[in-house]
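The structure under discussion appears below in the form of structure tokens.
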Amino acid sequence: MILATLLALAGQTAPVAPAPIMTITVQKLPASYTKAPVVHLDFDKQGAVSACTVEQSSGSAGIDKVACQQVQTLKLPAESGKAPESRSASVDFVAGGATAQ
């Protein structure tokens, strides 16, 4: 609330997190996890992820690493042999591992 008020007084808005590109379900989130990591993705001419860097950490190095590993499976449509534009996106993590039967 205070941050929003200060930003409003300064004529600024709070930064908006990029849209999620993927949701990953894990059995349990680590205690250090505070928010969805934001990654920056570069693509090759076939639309595959060619590079992933963490722009904003989740608070957990392990979650950040898994985020970049999992987005490597993405492939975007490439138009006329051009690589899709680089972009930033969040990778959502949810706890919801399977239960024993």
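Structure notes:
- Scan of the stretch 44-60 for residues that are among the hydrophobic types (A, V, I, L, M, F, W, C) and touching a residue at least 24 places away in the same chain (Cβ under 8 Å), ordered by number: A48, V49
- The stretch 14-69 - residue that is among the polar types (S, T, N, Q) and more than 23 Å from P84 (Cα to Cα) and, of those, surrounded by the fewest Cβ atoms within 10 Å (Cβ to Cβ): Q27
- Scanning the stretch 17-43 for residues that are free of Cβ contacts under 8 Å to residues at least 60 places away in the same chain and within 14 Å of the chain's Cα centre (by Cα) yields T34, K35, A36, P37, V38, V39, H40, L41, D42.
- From the list S80, S50, S57, the lone residue that is under 22 Å from A17 (Cα atoms) and either among the hydroxyl-bearing types (S, T, Y) or modelled with pLDDT under 95 (or both) is S57.
The values are calculated or read from the model by the stated rules, or taken from the named source; none is laboratory data. This is a predicted model, so every value here is computed, not measured. All Cβ positions, even for glycine, are placed from backbone atoms using ideal geometry, and neighbour counts span all protein chains on display.
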